[in-house]
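Here's the structure we're looking at; comments come further down.
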Ligand code: AMP
């Protein structure tokens, strides 16, 4: 394996500097993950490798963003398989720190306040989740920041996030803009399995029957997308009814929102043809798993 595993921030800094110098590189990419990697993560890594001279993937299951200890405990971990997958994509460094390395003094006293955009959708059912997620993203963006060797220009710095976690992506973009982080955020489209289900590390907890039932989610989103593309009224209610007709799926929310602010575009969803940019966003519980999915609309 050419890929290197580092577990401390100091080693990450020294190894990325060494690699940048060795490759005469002018760019570094960071892909933050929680491990248990699948083809969705591979696509993020692939995009980063195509665009940067040095690529770091972080693997860290962040206790700060989990509400229940049980959910944190059962989060899948598979470091060996993750390393092989990332090695095959040409990733240079994997940063897999311990909780103590990331939070040496225990839970941080000062955190990122994700604000009003974090109170709705996922934030409504997971209080504090986005404060915790943005706090660790801020830390990871700092850990992964490339330095400039003496007499050279500061390398370009990009970080890669999946469209799958649309609210997280919107919040990370806002944080980086509002707080002037020197990094470009690159969004990567959702990777789905052939039957349409958005890939997620949590899908492994679905039974065969639940997985089949969950397909109604991407089907309902596609319906909305087709109507937007055909310049028809979205008729969100009929798509919501389609999901509701599946007894194993307990729908939490399904709405069409502004992709930047995540505010509902209700008036754009009923009787008039959809115009402009939107994001159809949903979450549902299927068996033991909370699933989220979305589809960008551009009409
Ligand atoms: P996670 O390990 O679940 O925290 O995800 C790490 C990154 O991978 C996040 O930016 C996710 O949005 C992204 N990601 C997860 N699943 C997918 C997917 N199916 N397609 C694209 N990106 C994904």
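The values are calculated or read from the model by the stated rules, or taken from the named source; none is laboratory data. Source: prediction; values computed, not measured. Heads up, the Cβs are rebuilt from the backbone with ideal geometry, glycines too, and the neighbour counts pull from every protein chain shown.
Details
- Hits in the range 171-208 - residues which are within 11 Å of the ligand (Cβ to nearest atom), without any contact (Cβ under 8 Å) to a residue 60 or more places away in the chain and in a helix (DSSP H, G or I): 172
- From 110, 91, residue being in the same structural domain as residue 10 (by TED's automatic domain parsing), crowded, with 19+ Cβ neighbours inside 10 Å and in a loop (DSSP other than H, G, I, E, B): 91
- Count of the range 26-51 residues which are surrounded by 20 or more Cβ atoms within 10 Å (Cβ to Cβ) and away from the ligand (no atom under 16 Å from the Cβ): 1
- Every pair of residues 6+ apart whose Cβ atoms lie under 6 Å, when the first sits in the range 20-42 and is at negative phi and assigned to a loop (DSSP other than H, G, I, E, B) while the second is more than 7 Å from the ligand (Cβ to nearest atom) and modelled with pLDDT of 95 or more: 23/53; 25/53; 25/54; 26/155; 34/61; 37/82; 37/85
- Any hit, the range 156-170, residues being farther than 26 Å from residue 77 by Cα, within 14 Å of the ligand (Cβ to nearest atom) and out of contact with any strand residue (DSSP E or B) (no Cβ under 8 Å at 6 or more places or on another chain): yes
- Residue match in the range 59-70 (condition: within 15 Å of the ligand (Cβ to nearest atom) and in contact with a strand residue (DSSP E or B) (Cβ under 8 Å, 6 or more places away or on another chain)): yes
- Taking the criterion of being surrounded by fewer than 16 Cβ atoms within 10 Å (Cβ to Cβ), in a loop (DSSP other than H, G, I, E, B) and touching a strand residue (DSSP E or B) at 6+ places or on another chain (Cβ under 7 Å), the residues of the range 228-257 that qualify are 231, 232.
- Filter result for the condition that a residue is at pLDDT 95 or above, crowded, with 16+ Cβ neighbours inside 10 Å, assigned by TED's automatic domain parsing to the domain that holds residue 115 and touching a helix residue (DSSP H, G or I) at 6+ places or on another chain (Cβ under 8 Å), over 216, 183: 183
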